[in-house]
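Please read the structure below before turning to the comments.
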Amino acid sequence: EEEAEAQVAYVKIEEPVSMDFSDKLSLPATLKAKDEASVNANTASMVTAVNVRVGDQVSKGQTLAVLDSEVAARTYEKARLGLQNVEKTYLRAKNLYEEGAISQMDFETAKVNYDTVLEDYNLAKLNLDYTRITAPMSGVISAKSIEIGQMAVPGQEAFRIVDLSKLIAESGVSERDITKLQYGQSVNINLQSGEQYVGNIDSISPVTNQMTSTYPISVLIDNPDGKLKAGMFADIEIIFGINKNSVAIKNTSITNEDGISYVFVNHNGEAEKRKIRIGIQDKEYTEILDGIMSGDEVI
């Protein structure tokens, strides 16, 4: 008495549309500072002042911290006075030698003595300069690891400075796409916030990353307003070209069997299976390079 309900498959027929497709590559990337510097103490001494905090903007040559300079200052002053006395003796000997009043040996002895004292003076001055830790470049303090009262250790990082006026977006490109890239090529940088920047390819590695089997690339981005921060995630979009007026059908019309793409076309009321060659694909449409023409009724 009960009959099974008939299962009806509803289909829709559409003709291909004409569309422009962008031949582009989209890659995940991480932003990092193009230039950064680790600032170390060059002498072991007590920290007496720290002039900056993390996040402060600093200029090249600016004093970041001051170390106890009492011993270095006394040594420098002693060397300075000694140099003044020896310099007078050397200049007097030089004048006498030029007038022929003393021998060449006496002049050379005076010069050797002067050179030795000058070297001691330069070393004392350098040690005094080392009691002031200065910025080797302009940028932003991104890390600070010393405090007042601590003992500065030579070679141990005291500050880290990053220059955020230019950033690098790092990613990796497959072997299939690496040959399409060129130095200086324009790249779109799409942030997760929706903001978009433009950069240029700065480096292309000739060897693959063993972990990812991709070729590392970096994109240089100007950051004049400072909105971009190191560590941000972004998508880099590289456009190779635009195919205009291409034949396009919806992605839902395409089936794939063993790597070969097919569509079904309405032929006198029956579904005809056709092999197609596809091109660029976006979220909704696929470019058809062969197998479908304008006017065909695609199921």
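The values are calculated or read from the model by the stated rules, or taken from the named source; none is laboratory data. Since the structure is predicted, the reported quantities are computational estimates derived from the model, not experimental observations. For neighbour counting, all protein chains shown are included, and Cβ atoms are generated from backbone atoms with ideal geometry for every residue, glycine included. All accessible areas refer to the heavy atoms of the entire protein, side chains included, with ligands and DNA or RNA removed. Shrake-Rupley method; radii C 1.70, N 1.55, O 1.52, S 1.80 Å.
I need the full set of residues from the range 244-262 which are open to solvent by less than 60 Å² (accessible area, probe 1.4 Å) and at pLDDT below 90, in order please.
Residue satisfying the conditions is Ser246 alone.
So Arg176 clears everything in (1) open to solvent by 50 Å² or more (accessible area, probe 1.4 Å); (2) at pLDDT below 90; (3) part of a loop (DSSP other than H, G, I, E, B) except one condition, right? Which one?
(3)
Output the qualifying pairs, or none if there are none: Cβ atoms under 9 angstrom, residues six or more apart or on different chains, first residue in the range 74-85 and assigned to a helix (DSSP H, G or I), second residue of a type in the set (S, T, N, Q).
Cβ pairs passing all conditions: Thr75/Asn127; Tyr76/Ser69; Tyr76/Asn127; Ala79/Asn122.
From the list Ser213, Ser218, Ser193, which one is closer than 27 Å to Gly139 by Cα, open to solvent by 40 Å² or more (accessible area, probe 1.4 Å), small (Gly, Ala, Ser) and under 35 Å from the mean Cα position of the chain (by Cα)?
Selected residue: Ser193, the only one of Ser213, Ser218, Ser193 that is closer than 27 Å to Gly139 by Cα, open to solvent by 40 Å² or more (accessible area, probe 1.4 Å), small (Gly, Ala, Ser) and under 35 Å from the mean Cα position of the chain (by Cα).
Return the residue satisfying two criteria in turn: it lies in the range 28-42 and is in a strand (DSSP E or B) and open to solvent by 80 Å² or more (accessible area, probe 1.4 Å), and of such residues it is farthest from Lys60 (Cα to Cα).
Ranking the candidates gives Pro28 first.
Yes/no matrix, rows are residues, columns are (1) more than 13 Å from Ala158 (Cβ to Cβ); (2) surrounded by 14 or more Cβ atoms within 10 Å (Cβ to Cβ):
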residue	(1), (2)
Val54	no, no
Ala79	yes, yes
Val86	yes, yes
Gly100	yes, no
Asp115	yes, no
Asp120	yes, yes
Asn127	yes, yes
Thr131	no, yes
Ser145	no, no
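Could you grab me the full set of residues in the range 194-221 that are in contact (Cβ under 8 Å) with a residue 40 or more places away in the chain and either over 12 Å from Ala169 (Cβ atoms) or touching a Cys at 6+ places or on another chain (Cβ under 8 Å) (or both)?
Thr212, Thr214, Tyr215, listed by residue number.
Could you check Val66 against (1) open to solvent by 80 Å² or more (accessible area, probe 1.4 Å); (2) under 13 Å from Ala41 (Cβ atoms) and say which number it fails?
The number of the failed condition is (1).
Can you name the number of the only condition in (1) more than 29 Å from the chain's Cα centre (by Cα); (2) closer than 27 Å to Thr179 by Cα; (3) modelled with pLDDT under 90; (4) surrounded by fewer than 17 Cβ atoms within 10 Å (Cβ to Cβ) that Arg277 fails?
Result: Arg277 passes all but (3).
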